Amino acid sequence: MIDYKSEDVALEEVGDHKVLKLPPLNNDEINIIDPIIAPTSGLRIQILDAIEKEGLVTYILTKRKLYLFLRVFKAISHKFKDLKENKNLKVLIVTDDRPTKDILLNYCSQIFSYEGFEIFYQVDDKAKSRISSPYGAASVILLENIDLVIVLTASHNDLSWNGIKFYIDYPIPISGDLFEDISKRALKFNEIELNPDFKPILIDAEQINNDYVINLLSDVIEIESLINKNIVIWPYLGKARGIVNLFTQLGAKVHLIEEEINPPNPIKEIREERLQEVMNNTKSDLAILLDADRDRIALFVKQDGQYFTYIPNEIYSAMHNILAKEFNKKIINVRTIPSDLRGDLNSFLNILTGVGYKHLGVILYFLFDIEVDQSKIDTAIMYIEGENKELIKIDNPFPLKQRIINLMEQNHLKDQQFLIVMWEESGGHTLNVLNVTKENRKATYRFATDYPLIADKYPVPALVIASELISRGYNISEAIDWSIVGINQTIHADDEEKVKIMKNFEKNDGKQIAINNVEYLINALSDNNNKIDIYRLKSKDSTLYFRPSGTGPDVRFYIFTKRERYQKEINNVMEYVKKNYT
């Protein structure tokens, strides 16, 4: 864990509370709170300044960086109070294991307490409230009478970063008008009031989540081969208490590696020698690797005496193929556009969305007639596959439901249970069970589920299913087409450069362009406001995408093509875009 020093914060005592006077914001600070490119999953800030001197790095938490977080905390509290008309003011505040978790938890609690909220913490050590980000998000629907959850995390980013995810009423990322309003409010404050005498109420949200996962899994696959199975779990930061307890509850023998990796990103950093050592010592052939907030995963698997690393694209595509082919599951495959396409052929229906759960979650709510804020629909990128695999943009539930009904009738299905899977290449995955039944008297179809709707990253059920399938002897390598490779890479671009690239490239929409003697058809994929968010470049045997990152200063490029040339081809496209459109 990195150490840091904090600048002193001057607070004025006013009666039974304290007041912090805020300095005016500079332009850089305004752009952090109200960014040009809206974030896909909460707000992330490099909260610690790294100062290098004589080869040593010192980390400083400046007052001004801290104040950015405090502004957003207060803005969320005010917005929630307005939405709820000052009723049911209860908030669950949780963190991951980052160095700045304690100071942010304390200040966040003091602000919400002053604003009249009851403060809830996850059962933990004193003055701590640690839980995974997916479990925190789901708690807004799984816990009774708590309609606001704050999750303090920066996911897989370097430990000098921290961030804020928050959920109101539903476990779906805040976006659209609601996020914009909170950003605008945060900019206007001149002072912040705090109550240092708050007393949190403890609740075991983690166990409630684990109970939910076990109940959901019972409708998908029997957990039998995990019993007495040796499994290694490496959280990269902290102890992953929730996941460890779940696998233990399911009968597995868990062996924990408690060595910290910074940045805590299991897709980018694999310590193979250390993993092999621990797996040999524990007689394990499966290791689960997790990022700091547990929504990004990788698997390290021993098969036939050899070790293999699998990333989310490969894990989820293989898992869906096995469930469809070996277990006869009908899968409605809701994936972000750049996610792996090697499971599409075995899906009952493919639905493609923009990057991030603010798009994926709208699809889930459409299926079950949950009202969705119009600004979320307007900013969502959502396409369903037509009969000829063409992409059809949708902005309401009707064409989606009708497509499912038409496919059921074509396949002579009167009643059907579907697995609806929502996922993205970076590691997020969410699973639910959809029952579609025909009501004879009305000749209509009913869409229903027995499980709460979680419309944010919730990969634990998929993690358990994948582990169970591997433990049963199913081979990920045999379940997907390895002649095709899917990877992603980035070029550096600040917010202004991102906007410039997206705008300048628009002139190619619908045209053919040649890059290093490869001909590509260009398609701009847009939201329901016709704002272009993703470009697709398609040749006769490759598909590439690029988009501005919502979590860092990058433009992300994705490729799916033949194994022998993928690296050269993606490099050529990145170089072409950077050279000609920045």
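The values are calculated or read from the model by the stated rules, or taken from the named source; none is laboratory data. Computed from a prediction, not measured in an experiment: that's the story for all the values here. Cβ coordinates were reconstructed from backbone atoms using ideal geometry, including for glycine residues, and neighbour counts include every protein chain displayed. Note: accessible area is taken over every heavy atom of the protein model, side chains too, but ligands, DNA and RNA are not part of it. Shrake-Rupley method; radii C 1.70, N 1.55, O 1.52, S 1.80 Å.
Kirkwood Rh over Cα pairs of the stretch 300-427 into Stokes-Einstein at 37 °C, 0.692 mPa s: D in µm²/s?
Translational diffusion coefficient: 211 µm²/s.
For a bin width of 10 Å, list the pair-distance distribution of the stretch 170-316 built from all Cα-Cα distances, rounded to whole %.
For the stretch 170-316, the binned pair fractions read 9, 29, 30, 18, 11, 3, 0 percent.
Between L521 and N31, 0.36 nm times their residue separation minus their Cα-Cα distance comes to what?
172.9 nm is the gain from fully extending L521 to N31.
Compute the length gained on full extension between D204 and N529: take 0.36 nm times their separation in residues and subtract their Cα-Cα distance, giving the result in nm to one decimal.
That works out to 112.9 nm of additional length.
Have a look at the DSSP beta bridges in the chain and tell me what percent are antiparallel, nearest 5.
Within the chain, antiparallel bridges account for around 70 percent of the total.
Answer with one residue from L400, G361, V436: the one whose Cα lies farthest towards the positive end of the charge dipole of the stretch 355-438, charges on Cβ with Lys, Arg +1 and Asp, Glu -1.
Projecting each Cα onto the dipole axis, the largest value belongs to V436.
Determine the per residue accessible area of the chain with all protein chains present and a 1.4 angstrom probe, expressed in square angstrom.
Per residue, the chain has an accessible area of 41 Å².
Out of the total accessible area of the chain (probe 1.4 Å, heavy atoms of protein only), what percent is carbon and sulfur?
44
For the chain, what value does the Rg/Rh ratio take when both radii are computed over Cα atoms and Rh is the Kirkwood radius, given to two decimals? Before the final figure, lay out each step's value.
Numbers: Rg = 23.7 Å, Rh = 24.9 Å.
Computed over Cα atoms, the ratio is 0.95.
Starting from the eigenvalues of the Cα gyration tensor, five times each then square-rooted, give me the equivalent ellipsoid semi-axes of the stretch 12-96, largest first, whole Å.
Rounded to whole Å, the semi-axes are 29, 19, 14.
Take I487, project a point 7 Å from its Cα along the Cβ direction, then tell me which residues of the stretch 544-573 have their backbone nitrogen under 15 Å from it.
544-545, 557-573, by backbone N distance to the label point.
Could you tell me the calculated FRET efficiency between N215 and D369, based on Cβ-Cβ distance and R0 = 22 angstrom, to the nearest 0.05?
0.45
I'd like the orientation of helix 397-410 relative to the chain: the angle between its Cα long axis and the longest Cα principal axis, in ° from 0 to 90, rounded to 10.
That helix lies at roughly 30 degrees to the long axis.
If the reach is capped at under 23 angstrom between alpha carbons, list the lysines near K438, excluding any in the same chain fewer than eight residues apart.
Counting by Cα, and skipping residues close in sequence, K438 has these lysines nearby: K329, K330, K401, K414.
Suppose the chain between Q402 and L83 were pulled fully straight at 0.36 nm per residue; how much longer would it get relative to their current alpha carbon spacing?
Details: separation 319, 0.36 × 319 = 114.84 nm, distance 3.38 nm.
Full-extension gain reported as 111.5 nm.
When only C-alpha pairs under 8 Å and at least 6 residues apart count, what is the relative contact order of the stretch 370-424, in percent?
19
What lysines could a cross-link reach from K503, if we take a straight Cα to Cα line under 20 Å and drop same-chain neighbours fewer than 8 places away?
Within reach: K511, K531, K538, K578, K579.
For all pairs of alpha-carbon atoms in the stretch 80-177, what percent lies in each bin of width 5 Å, listed from the first bin to the last filled one?
With 5 Å bins starting at 0, P(r) equals 3, 13, 25, 25, 21, 10, 3, 0.
If you take the C-alpha gyration tensor of the stretch 181-249, multiply each eigenvalue by 5 and take the square root, what semi-axes do you get, largest first, in whole Å? Mind dumping the intermediate values first?
Working: eigenvalues 316, 51, 43 Å².
Whole-Å semi-axes of the equivalent ellipsoid: 40, 16, 15.
Binning at 10 Å from 0, report for the stretch 125-208 what percent of all alpha-carbon pair distances ends up in each bin.
Over the stretch 125-208, the share of Cα pairs per 10 Å bin runs 14, 38, 40, 8, 0 percent.
With +1 on each Lys and Arg Cβ and -1 on each Asp and Glu Cβ, how big is the dipole of the chain about its Cα centre, in debye rounded to the nearest 20?
Result for the chain is approximately 1060 debye, rounded to the nearest 20.
Which value, to two decimals, describes the C-alpha radius of gyration of the stretch 311-356 once divided by 2.2 N^0.38 Å?
Taking N as the residue count of the stretch 311-356, the ratio is 1.07.
Once both axes come from the Cα atoms, what is the angle between helix 495-504 and the longest principal axis of the chain, in degrees from 0 to 90, rounded to 10?
30
Nothing charged except the Cβ atoms of Lys and Arg (+1) and of Asp and Glu (-1): what's the magnitude of the dipole of the stretch 373-421 about its Cα centre? Round to the nearest 20 debye.
80
Just tell me which aspartates and glutamates come within less than 12 Å, Cα to Cα, of K81; anything on the same chain fewer than 8 places away is out.
Counting by Cα, and skipping residues close in sequence, K81 has these aspartates and glutamates nearby: E115, D147.
Efficiency by 1/(1 + (r/R0)^6): what FRET value for N280 and E144, r their Cβ-Cβ distance, R0 = 51 Å, to the nearest 0.05? Before the final figure, lay out each step's value.
Working: r = 46 Å, r/R0 = 0.91.
Efficiency for this residue pair is about 0.65.
Using protein chains only and a probe of 1.4 angstrom, how many square angstrom of R64 are accessible, to the nearest 10?
90
May I ask you to list the residues of the stretch 76-112 whose amide nitrogen lies under 15 Å from a point 7 Å from Cα along the Cα→beta-carbon direction of D197?
110
From the residues S539, Q567, T582, which one has its Cα farthest along the dipole of the stretch 452-582 in the positive direction, the dipole being from +1 and -1 charges on Cβ of Lys/Arg and Asp/Glu about the Cα centre?
My answer, from the dipole projection, is S539.
So what is the orientation-averaged projected area of the stretch 9-163, using the convex hull of its C-alpha atoms, in nm²?
Result: 11.3 nm².
Dimensions of the stretch 490-579 along principal axes (Cα, Å, largest first)?
34, 25, 21
What figure in square angstrom, to the nearest 10, would you give for the accessible area of I36 with a 1.4 Å probe?
Solvent-accessible area, nearest 10 Å²: 100 Å².
Take the Cβ-Cβ distance between Y576 and E478 as r, set R0 to 51 Å, and report the resulting FRET efficiency rounded to the nearest 0.05. Mind dumping the intermediate values first?
Working: r = 36 Å, r/R0 = 0.70.
After rounding to 0.05, the efficiency reads 0.90.
Expressed as an acute angle from 0 to 90° and rounded to the nearest 10, what is the orientation of the C-alpha long axis of helix 63-84 relative to the principal long axis of the chain?
70
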